[in-house]
Amino acid sequence: MIEYFFSQYKTYETIDIALEITGAIFGLISVWFAKKDNILVFPTGLISTSIYAYLLWQWELLGDSMINVYYFIMSIYGWYHWTRKKGNAVEFPIATMTNKEKMAAVFIFVLTIIFVSIVYLYFDKFTNWYSYIDTFLTGLFFVGMWLMAKRKIENWIFWIIGDIISIPLYFAKGYTFTSFQFLIFTIIAIYGYLEWKKILNKSEILEIQK
């Protein structure tokens, strides 16, 4: 069983294995803080995304690497966005998407797929089946991270769909630790959605009672 899951690591540098494990751990911690609506989601996420951006570029997984560079940038934006206050209250609490944001999400998704497709074509990376799935996943995760930074509850839906697809995908690519990470991501994301839903419902009730 161990040989089946981890045989690919025989040819890996020890530093790369250590970095992948570290990135996976900080990624899990970050998602856990996101579930708790805790701003520490962003600093822990910055560590994970910077590690994965490097590793994925080394592994020539350009789409995945671009996702993590984008995560890094959006984590900085989200960190700032979540700290903004109006008086003593958080200026941007958990909320649902507006119609304008739904249109923006579609635009980001389509634009991302077009951009990644151009990059993959330029570098001649459409050489296997998972390159096409990478393109689709990049669009999903770009929208999910954008919604996370804006504290929109729908971000969890994009994460859940993307995480479920990523589990077998990363295992097929030979990155077992990352595949396991996405399995745990999926579970945490489901609970994250439920927890944010409770917080949102509670705030809506308090708003009605005012």
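Provide a single number: the residues in the range 181-196 that are in contact with a Phe, Trp or Tyr (Cβ under 9 Å, 6 or more places away or on another chain) and either modelled with pLDDT under 90 or of a type in the set (D, E, K, R) (or both).
Residues in the range 181-196 being in contact with a Phe, Trp or Tyr (Cβ under 9 Å, 6 or more places away or on another chain) and either modelled with pLDDT under 90 or of a type in the set (D, E, K, R) (or both): 1 in total.
Name the residue that is farthest from residue 170 (Cα to Cα), counting only residues in the range 113-151 that are among the aromatic types (Phe, Trp, Tyr) and under 14 Å from the mean Cα position of the chain (by Cα).
146
Which of (1) closer than 21 Å to residue 193 by Cβ; (2) of a type in the set (A, V, I, L, M, F, W, C); (3) buried (at least 19 other Cβ atoms within 10 Å of the Cβ); (4) at pLDDT below 95 does residue 156 not meet, given it meets every other one?
Of (1) closer than 21 Å to residue 193 by Cβ; (2) of a type in the set (A, V, I, L, M, F, W, C); (3) buried (at least 19 other Cβ atoms within 10 Å of the Cβ); (4) at pLDDT below 95, only one is false for residue 156: (4).
The rows are residues; the columns are (1) in contact with a strand residue (DSSP E or B) (Cβ under 9 Å, 6 or more places away or on another chain); (2) without any contact (Cβ under 8 Å) to a residue 12 or more places away in the chain; (3) surrounded by 16 or more Cβ atoms within 10 Å (Cβ to Cβ); (4) not aromatic (Phe, Trp, Tyr).
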residue: 141; (1), (2), (3), (4): no, no, yes, no
residue: 151; (1), (2), (3), (4): yes, no, yes, yes
residue: 174; (1), (2), (3), (4): no, no, no, yes
residue: 191; (1), (2), (3), (4): no, no, no, no
residue: 203; (1), (2), (3), (4): yes, no, no, yes
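Identify, by number, the condition in (1) among the hydroxyl-bearing types (Ser, Thr, Tyr); (2) in contact with a helix residue (DSSP H, G or I) (Cβ under 7 Å, 6 or more places away or on another chain); (3) within 13 Å of residue 149 (Cα to Cα) that residue 49 doesn't meet.
Residue 49 satisfies every listed condition except (3).
Return the residues of the range 60-89 that are modelled with pLDDT under 80 and either closer than 16 Å to residue 155 by Cβ or not basic (Lys, Arg) (or both); say none if nothing qualifies.
Correct list: 60, 61, 62, 63, 64, 87, 88, 89.
Counting just the residues of the range 78-108 that are exposed (fewer than 15 other Cβ atoms within 10 Å of the Cβ) and in contact (Cβ under 8 Å) with a residue 40 or more places away in the chain, which one comes out farthest from residue 25 (Cα to Cα)?
Checked the range 78-108; the qualifying residue farthest from residue 25 (Cα to Cα) is 96.
The values are calculated or read from the model by the stated rules, or taken from the named source; none is laboratory data. Predicted model, so just to flag it, every value in this text is computed and none were measured. Reconstructed Cβ throughout: ideal geometry from the backbone, glycine too, with neighbour counts over all protein chains shown.
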